[in-house]
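Below is one structure, written out as structure tokens; comments come after it.
None of the figures in this text is laboratory data; all of them are computed from the coordinates on show. These figures come from a predicted structure and were not determined experimentally. Backbone-built Cβ (ideal geometry, glycine too); neighbour counts: all protein chains shown.
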Amino acid sequence: MKLDSSIAAVVTGGASGLGEATARALAAHGVKVAIFDLDRQQERGEAVAKDIGGVFCAVNVTSDDEVDAGFVKARAANGQERILINCAGTGNAAKTASRDKTTGAIKHFPLAHFDMIIQINLVGTFRCIAKSAAGMLTLEPIDGERGAIVNTASVAAEDGQIGQAAYSASKGGVVGMTLPIARDLSGEGIRVNTILPGIFNTPLLNAAPEAVKAALGAQVPFPKRLGQAEEYASLALEMIRNGYFNGEDVRLDGAIRMAPR
């Protein structure tokens, strides 16, 4: 797919981190970008949208109504999107069952917290895919193609660490649904791929001391550093541009394989 001002895109989680870098990279090619992010991110999202000539839509991907309203606003401003980048997501950490170190009391993973992560990372991603793809079906193909979708999983989908049961399950689900969705949409000229980032220098890590970030980066075989959001964006754009890239799940991790903890 050629990236230019005739193309519209939606980037979920686009107010910061991987999503922001991808929104900026798309806009640098002239693509009209709509940013979906939480209402608490509105100030940041509005600033990014203004900077790239885009539009911000306050959207919680767990809400049908908010996702629908976001697409209505985005399409009114930019037209029907041919590109969807799913970067919205979050994580938590707790053992499946454990003992309190002080009292010895036994507890299990709070099931509501498990469900929350699944709803955001997995169901939220699918919700945006399904609704965006339905919109793409209204478009006429360009060079046989109606659209391209890029999802964000994690290396935790394949080598999740202690305490990452919910996060790994949610990201493993994103990996698992990539090929069947690509097959579902293949007859309509819509491609679907997923990126599995390793340890990236995103807002989640910005508050960490430099020594901690250096130690994390040192775990990466090569290059021995944290990934940069722009490197994620570069791969996302290649997945969109390369018309033979379809149904793939690609690790972007400097060859790291995560240890148990």
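Annotations
- Most mobile of Ala47, Ala157, Ala236 in a GNM of the chain (Cα contacts under 10 Å): Ala47
- Think of the chain as a dipole: +1 on every Lys or Arg Cβ, -1 on every Asp or Glu Cβ, centred on the Cα centre; then among Met136, Leu3, Thr96, Thr96 lies furthest on the positive end.
- Separation of the stretch 1-70 and the stretch 216-261, taken as the distance between their Cα centroids, equals 21 angstrom.
- Neighbours of Arg24 by Cβ distance under 9 Å: Lys/Arg scored +1, Asp/Glu scored -1, total -3.
- Each Cα pair under 8 Å and six or more residues apart adds its sequence gap; the mean of these over the residue count of the chain is a relative contact order of 20 percent.
- Given R0 = 45 Å, the distance between the Cβ atoms of Ala211 and Asp65 translates into a calculated FRET efficiency of 0.50.
- The stretch 100-143 and the stretch 147-171: distance between their alpha carbon centers, rounded to Å: 10 Å
- Couplings 3J(HN,Hα) of the stretch 238-249, computed from phi: 5, 4, 6, 6, 7, x, 9, 8, 7, x, 10, 10 Hz, in residue order, whole Hz [Karplus 6.51 cos²θ - 1.76 cosθ + 1.60, θ = phi - 60°; x for Gly and Pro].
- Lys/Arg +1, Asp/Glu -1 at C-beta; the chain dipole; positive extreme among Ala233, Gly70, Val192: Ala233
- Cα gyration tensor shape for the chain, rounded if a/c is under 1.5, else prolate or oblate: prolate
- Using only side-chain charges placed at the Cβ, +1 for Lys and Arg and -1 for Asp and Glu, the dipole size of the chain relative to its Cα centre rounds to 700 debye.
- Local electrostatic count, Phe245, Cβ distance below 14 Å [Lys/Arg +1, Asp/Glu -1]: -2
- For the stretch 51-130, the set of trypsin sites (Lys or Arg not before Pro) satisfying both a DSSP loop assignment and a count of at most 13 other C-beta atoms within 10 Å is given as Lys95, Lys101.
- For Thr90 and Asp4, the difference between the fully extended length at 0.36 nm per residue and the C-alpha to C-alpha distance is 27.9 nm.
- For Val192, the residues whose modelled amide H falls within less than 5 Å of its own, excluding neighbours fewer than 5 places apart on the same chain, are Ile149, Gly247.
- Efficiency of FRET between Gln161 and Gln119 - r from beta-carbon atoms, R0 35 angstrom, step 0.05: 0.95
- Within the shell of other residues whose beta carbon sits under 13 angstrom from the beta carbon of Ala148, the net charge comes to -1, with Lys and Arg scored +1 and Asp and Glu -1.
- In loop segments of the stretch 157-250 as defined by DSSP, the GluC sites (Glu not before Pro) with at most 16 further C-beta atoms inside 10 Å of their C-beta are Glu188, Glu248.
- Lysines whose Cα lies under 28 Å from that of Lys107, excluding same-chain neighbours fewer than 8 positions away: Lys95, Lys171
- Calculated [θ] (222 nm, deg cm²/dmol) that DSSP helices of n ≥ 4 give over the chain, each run adding -39,500 (n - 2.57): -13000 deg cm²/dmol
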